[in-house]
Structures are given as structure tokens and as C-alpha cells.
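Participant: This is the structure I have questions about; it appears just below.
The values are calculated or read from the model by the stated rules, or taken from the named source; none is laboratory data. These numbers come from a predicted model, not from an experiment. Here the Cβ positions follow ideal geometry from the backbone for every residue, glycine too, while neighbour counts run over all protein chains shown. These area figures cover heavy atoms from the full protein model, side chains too; ligands, DNA and RNA do not enter into them. Shrake-Rupley method; radii C 1.70, N 1.55, O 1.52, S 1.80 Å.
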Amino acid sequence: MHSNLNKNNKKMDNNNTNNRRNAPTDIGDILKDSKGEPIFTICPSGIKKCLTVAGAFQQAGMEENENDGDPSLVGYKYFWDCDCPQCEARREAEKRAEQAAAERARRKALQEKLKSCGIPATLIDAHIEDWNNDRLGEDVVQRIRNAARRYVSKVYCYNNGRTATNPGNLLICGKSGRGKTPLVQLMAVELMRGEGGEGRVHVTYVDYMSLLTELTDAKNYKGKTLHEIVSYYATRAVLIIDDFGDEEPASWQVGRLFEILDQRKREALPTIVTTGYTDSADLTDQLTEKGYGGAQKGAGLAIKLIRRITTGGNLLTLSKI
């Protein structure tokens, strides 16, 4: 009895070994029946074709990596292996549909990001070349566009590992109405959009007044802590602070702003700042808290803050000169 069982087991083992040896291992191998004849199927276009491994999985409705334990089939992408014009057209149409769906999802995500930053979602397709200011003249406008484009390119390459050279910070100066905010928003959009939708850079955009409000709320125990606010802005890949110095800050706020910019300098993270002040002495005075009788508090820290802002020496002045 035991002898018969052993014989049967050996016979089954031999059959399994032969099946594994003869089993198709390539996605394009033609499946055959027990008599060794090719198995035929009908492709979606109605053409009779030999059934391949890929087609068999497609017909069975199996998901990727469902391979019944056969390691040779792991990771196959299942499709109808047919090169007729109709099937080729169908595959191309499916590919285009997938690409269109991915593009729609990418645009929706970018629009949501722009809205969350306070940047108009209508700028999603805009470029730096769209920036203009009639007060400055075409030659000056083009010079400013070129300078902004060069800086964006440096930041893009730096954040995507194409260069190890830190682009440094960028300070954009200009009087009211010169187009600082539109320009910096276009720069932000181009970085967030990336090149051809690839290599997008994470940008955090905040206006100066909102940042001061966040710091004040944190000091008054509303929402996040001061440490959380400072840590958040200090670690963003690219930080944009718009309209810097629009309001005189308290000395403790200058201290927190310094912490943000100082940490960003140490971690080599690019920062873009716009301000209506074209003279560093005027900006220093604005950032210095005025006490009773005009007494100044924290002038030294204000100077240090401006030095952190100008790290890298990139200055772009929106003026005719």
C-alpha cells in the first residue's frame, strides 16, 4: 500500500515538474492546450489571435501581481497582445485618456495649492513673461523678467538636484504700484508648476502682515505655538514673504522673523522677499520698534534681520534705473 502511494506521489511530482518546465514564462508566449495546439481567442476588434500569457490574464480579469504563486508572472502588465490597427488605436486612445486624467488631477491640485497660498488660481497657466508695468518701459520690464527667470531657474535646478549651488535669497524692491506682488506670484506659479509638470518645487507664499498676525495669535495662545510657527516657515523648501515691512513690528516679532531667516540660511533654503523700501536704512528704521518719546528698541536685531534677508546678494529693484 505504501509502495503504491509513493509511486503515485512520484508520478504527481514528475507531472508538476514537467508542467513548470513547459509553462510559458514570457508575457508573449502562446498558450497551448493539452495536445500542444495553440489556443485561439478573439481580440476586441473581432480578429482571431493566438492567446498569450498576457491575453489569458486579461480574459480572466486578473489584477496585476495575482499570479497563482508563479514567480515568473509577477508584475506583468496585462493587455491584449494584438497588433491590428483597431487594437493599436484603442491602446493609443486609452493612453491619451490616462494622460488627460493625470493632467486634470495635476491642474486641480495646483489650483488648490494656489488658493491656499492666496495666489489667484487664474494664474495657473501664466508665466513670468506675462508680467508687465507701463510705468517702467519695455526695456526695463524685459530686464526684470530676465532677472526673475534666471533666479527661478537657479532655484528649480537647486531643488531638483541638478546643481549643488545654493541660489541664495532674492530681495525685490520697488515703490507701490511697481508690480512686486504680481511678479513674485508669477515666480511662485512657475516653480510650483515645474517644467512640463515635472520637478515641481514646493513653495510657501505668505504676506508679511499675515505672518505678523500668526505670530501674535501664537503669542496669545491662539492656535499654534510660536515654536510651531517659526519651525514651519523655517523649513519650507522655498519661502516667499510679500510686502515685507508694511507695518512696524514689535521687537519680539523681529526676533521671531530673525529666527526664521537665520535657520533658513543655515539650512540653505531659498527665500524671496518683496518690500516697498528701496533704502536699507529706511527699512531698518521701519523694523525698529519705537518706544515712548521715540526711543528705539532692537535696532541691532533689525540690521541682522536685513542681513539674513539679503543672504546671497540677489537684489532686483523695480525701477527705471
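Participant: Please give me, ordered by residue number, the chymotrypsin sites (Phe, Trp or Tyr not before Pro) of the range 143-237 that lie in loop per DSSP and have at most 13 other Cβ atoms within 10 Å.
Facilitator: Passing sites in the range 143-237 are Y221.
Participant: So what is the accessible area of the range 218-277 per residue, in Å², with the probe set to 1.4 Å?
Facilitator: 44 Å²
Participant: Still on this model: Restricting attention to the range 161-247, which GluC sites (Glu not before Pro) occupy a DSSP loop and are surrounded by at most 14 other Cβ atoms within 10 Å?
Facilitator: E247
Participant: For the range 147-161, just list the computed ³J(HN,Hα) in residue order, Karplus coefficients 6.51, -1.76 and 1.60, θ = phi - 60°, integers in Hz, with x standing in for Gly and Pro.
Facilitator: Using θ = phi - 60°, the values come out as 5, 5, 5, 4, 5, 4, 5, 5, 5, 4, 5, 5, 6, 9, x Hz.
Participant: Of the cross-linked pairs K154/K304; K108/K219; K108/K180; K154/K175; K115/K290; K115/K180, which ones have a Cα-Cα span greater than 29 Å in the structure shown?
Facilitator: K108/K219; K115/K290, as the Cα separations exceed 29 Å there.
Participant: Placing +1 at every Lys and Arg Cβ and -1 at every Asp and Glu Cβ, with all other atoms neutral, what dipole size does the range 100-182 have around its Cα centre, in debye to the nearest 20?
Facilitator: About 280 debye.
Participant: For the range 177-321, what number results from the quotient of the Cα radius of gyration and 2.2 N^0.38 Å?
Facilitator: Normalised Cα radius of gyration, the range 177-321: 1.08.
Participant: Put one equal scatterer on each alpha carbon of the range 94-169, apply the Debye formula with no solvent term, and list log10 I(q)/I(0) at q = 0.11, 0.25, 0.27 1/Å to two decimals.
Facilitator: -0.47, -1.07, -1.08
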